[in-house]
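One structure below.
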Amino acid sequence: MLPPVSLTTVLRASLRTGCLALLVMTVGCGTMTNMHKSTRGVAPEPFGGLATDFEAIGNGDLLGMIDIPGSLVGDLVTLPEVMRANQVEKRLDAAPSEGSRRSQTPPADPLPDDPLSRRN
């Protein structure tokens, strides 16, 4: 038979569990904000979650301090994807635009002795 449990013990356990759940839900918000940038066509920044947290702290939001450990872990986990997204954005920026492609001269006609250019 289980020993009786007091109402105070149950309430304390519930309060601890609730506080822990709230703490866990707030951790990593900076990283999620950083990763959400990619849905708007902007590549996320490496360690942008931490940057978001420090910016929030600088603006007087002290809850950003709670988010720092979670954002650090989140930024480390998402770093490969962030780097890949930044490389893709750099390639797109370096690619010639549609207007410059149209202004290029068309390719020369193939040489007559080219076996691939012969048509049957």
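Listing for the model above:
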| item | result |
| --- | --- |
| Inter-label distance, nm, simple model (7 Å from Cα along the C-beta direction), residue 25/residue 37 | 2.7 nm |
| Pair residue 59, residue 90: separation of 7 Å Cα→Cβ label points (nm) | 2.9 nm |
| Sparse-neighbour loop sites [GluC sites (Glu not before Pro); the range 32-89; at most 13 other C-beta within 10 Å; DSSP] | none |
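Read-outs: derived from the displayed coordinates by stated rules, not from any lab. The model shown is predicted, which means the values in this text are computed figures rather than measured ones. Note that we place each Cβ from the backbone using ideal geometry, even for glycine, and neighbour counts take in every protein chain shown.
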